[in-house]
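Structure first, commentary second.
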Amino acid sequence: MYVFQGIPASPGIAVGKTFIVHLDELDVAETLVDEKDVEAEVARFRDALKVTKSEFEVMRERLAGPSETVSRELLDAYILLLDDIVLVKQAEQHIRDRYYSAEYAVKSTLEWALEIFDDMEDPYFRERAVDLKDVGSRIIQNLLGTVHVSYDEMKDDSVVVAHELPPSETASIPRSRVAGFVTEVGSRTSHTAIMARSIEVPAVVGASGVTGRIRSGDVVALDGFTGRVVVNPDAETLAEFEERRRAHEKELERKTALAELPAKTIDGYRIELSANIEVPEELDALTRYGADGIGLYRTEFLFMNRDDVPSEDEQFEVYREVAEAALPHSTIIRTIDIGGDKFLTQLNISAELNPYLGLRAIRFCLERPEVFLTQLRAILRASAYGKIKVMFPMISDLSELVAGKEWVARAMEELKSEGKPFNPKIEVGIMIEVPSAAVTADVLARHCDFFSIGTNDLIQYTIAVERGNEKIAYLYQPFHPAVIRLIYAASDAAHKNGIWIGVCGEIVTLSAAVVLLLGLSFDEFSASPIAIPDIKETIRRIRYSDARVIAEEAINKATTEELVEYMETEMARIGLEKEIGWMGNEVH
């Protein structure tokens, strides 16, 4: 028996026999073809593209469940990469002009593109480089006739072990047979970690050395709460893990029973607890987990994996379905938020050196009013069938909010003249995602109906740290004093101006953050449906009066370390777990 310590990436306990995934580096030598065979080689390259695209489409079709949205979106991006005109032309040019074999042309094109990405320090391009490598490797495999990893022999309750799992590989693994994941590299924001959480499978990443010691068929016990991985555990250790697994299952059953109960503190402070969703298939989870409506409906999925822009009628039908399903609660529809890590080729957006700071979200909408107006008309028409609110993402200046509202007014005038019903009193709110919005929240609050703080972006924009970058992941701290003070500023401005304020972002999955935000008198939390029971339980176990005292002291802490230590002490004092969440525990 031996033990590895990794990073807990997805909660849960798993025990099973290992299924080792070995992904060898493809060795492609420089090979030339005869001039007379060039067009045949180009045809072979194009056939490989078609085969690869078909494979990705088949993978995507298998990912039909609402919990697999992340993997579906990734495969959508991969399919679009296969249609990238620049990359395809470059590879074909290598074949025609240099007489490269198709395999070597793909390899050379990859090296050319990756070299460009390596010269750019922007995190978006680093992520695209990983995607490009994955897609390129798949094309080369198909050109060489290399056999892909076969999962036919994979048994039920297998623990998948690998050095790393490229996104396309995780999409190929039969979900029903997986008990857990263990990888040597990765972080909590890696695709393996995100996918594991979405399908509720325990995972440990960053367990250095596992592939060198673990053999296929070994029994592995992994703890997705602590990151502990035990190989070939003895009877006593197995009993310990089994006891923890049963306790975890009972805990899940107990928390699910909270669905019918309100999110109310011991002393009666009631907070709305809504769900973040992006596809209609997730609507069933609202009832299952006891959500008070939809706090964030992401509309980007409607624009993905297609060559055209969805029509007004198509959008209207989807928005109406979502709003009706949420009744009697409200639905907050966020206008299209593209840019940054979300690019849609049919909208002809030019590549940018720093897309996270470029033409994205509300900036794109104002730049492309024909897309914006169509979406606003669809949202307004759907508002006649449910309690819809509209929200603009990434507002950084009052002028953007005013301009957005002017387009809402124009959409209303058009619908009115056409005799189409809509709610003329629809609430219009904004996401507080950039520091400038939080600092000027007192001004913005006078011109909208609500705020929703997007903490994922607010954190990285405030601290200047990209949360997907493993080298600086420790700096991504929700409990950084600057972040907390900006959140407080927005909350204070909202209350003073009589508008309600919510928060949608991973921060609300941390129990200490729930206490802190309650103390700042937030009106609503919005999170992934599966996270709602845990958040609700924290709310129901504390007093609002205690949370107020804690928050008043917390906002004055000078460093992240001071704030984390303070919150740990206070959580223990009020009877909650001392650990305040993985983000806070990674303070360096």
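Suppose only helical runs count, i.e. DSSP H with n ≥ 4. What mean residue ellipticity at 222 nm does that imply for the chain under -39500 (n - 2.57) per run, divided by all residues and rounded to the nearest 500 deg cm²/dmol? Intermediate values should be presented prior to the final figure.
Values: 23 runs with 275 residues, N = 588.
Estimated from H runs of four or more residues: -14500 deg cm²/dmol.
Structure note, pairs 250/557; 387/536; 387/557; 387/496; 264/405: Cα-Cα distances above 29 angstrom occur for 250/557; 387/557; 264/405. Taking a sphere under 10 Å around the Cβ of residue 524 and counting the other residues whose Cβ falls inside, with K and R at +1 and D and E at -1, yields a net charge of -3.
In terms of the mean number of neighbouring beta-carbon atoms within 10 Å, the peptides 289-297, 402-410 order highest first as 289-297, 402-410.
Annotation: amide H of residue 527 within the under-5 Å range of 274, 275, 276, sequence separation 5 or more or interchain, hydrogens built in the peptide plane. Between residue 357 and residue 2, the modelled label-to-label distance comes to 4.6 nm, taking each label 7 Å out from Cα in the direction of the beta carbon. Just the protein heavy atoms count here, and of the accessible area of region 434-574 at 1.4 Å, carbon and sulfur take up 48 percent.
Mean projected area of the Cα convex hull of region 423-518, taken over all directions, amounts to 6.7 nm².
Between residue 312 and residue 213, what is the FRET efficiency for a Förster distance of 51 Å, r being their Cβ-Cβ separation, to the nearest 0.05?
Numbers: r = 58 Å, r/R0 = 1.13.
With R0 = 51 Å, the Cβ-Cβ based efficiency is 0.30.
Surface composition of region 136-252: carbon and sulfur atoms hold 48% of the protein heavy-atom accessible area at a 1.4 Å probe.
Throw me the Rg/Rh for region 175-325, computed over C-alpha atoms with Kirkwood Rh, two decimals.
On the way: Rg = 20.6 Å, Rh = 19.2 Å.
That ratio is 1.08, to two decimals.
Scattering from region 454-578 was approximated by placing one identical point on each alpha carbon and applying the Debye formula without solvent; log10 I(q)/I(0) at 0.10 1/Å stands at -0.29. Can you give the local net charge around residue 299? Use residues other than it whose beta-carbon is closer than 10 angstrom to its beta-carbon, Lys and Arg +1, Asp and Glu -1. Its environment carries a net charge of -1.
Placing +1 at every Lys and Arg Cβ and -1 at every Asp and Glu Cβ, with all other atoms neutral, what dipole size does the chain have around its Cα centre, in debye to the nearest 20? Display every interim value, and only then the final one.
On the way: 64 positive and 100 negative charges, 332 e Å.
That gives the chain a dipole magnitude of about 1600 debye.
Rolling a 1.4 Å probe over the protein heavy atoms gives the chain an accessible area of 43 Å² per residue.
Is the shape of region 190-250 best called rounded, prolate or oblate, per the rule: a/c under 1.5 gives rounded, else a/b larger than b/c gives prolate, else oblate, with a ≥ b ≥ c the square roots of the Cα gyration tensor eigenvalues?
Verdict is oblate for region 190-250.
Model label sites at residue 553 and residue 447, defined 7 Å from Cα along the beta-carbon direction, differ in position by 4.0 nm. Working note: Karplus 6.51/-1.76/1.60 with θ = phi - 60° gives region 547-562 the couplings 4, 5, 5, 4, 5, 4, 7, 4, 5, 9, 6, 8, 10, 4, 4, 4 Hz, where Gly and Pro are set to x. If R0 equals 35 Å, the separation of the Cβ atoms of residue 472 and residue 399 corresponds to a calculated FRET efficiency of about 0.60.
A value for Kirkwood radius over Cα pairs in Å was derived from the coordinates, and within the list (1) 25.6; (2) 23.7; (3) 27.5 it appears as (1). Taking amide H as placed 1.01 Å from N in the peptide plane, residue 388 has its amide H under 5 Å from the amide H of 331, each at least 5 places away in sequence or on another chain. Between residue 260 and residue 324, the FRET efficiency estimated from the beta carbon spacing at R0 = 35 angstrom works out to 0.95.
The values are calculated or read from the model by the stated rules, or taken from the named source; none is laboratory data. Since the model is a prediction, treat every value here as computed from it, not as a measurement. Note: ideal-geometry Cβ built from the backbone for every residue, glycine included; neighbour counts use all protein chains shown. The protein model used for the area step is the full one, side chains on, heavy atoms only, and it has no ligands, DNA or RNA in it. Shrake-Rupley method; radii C 1.70, N 1.55, O 1.52, S 1.80 Å.
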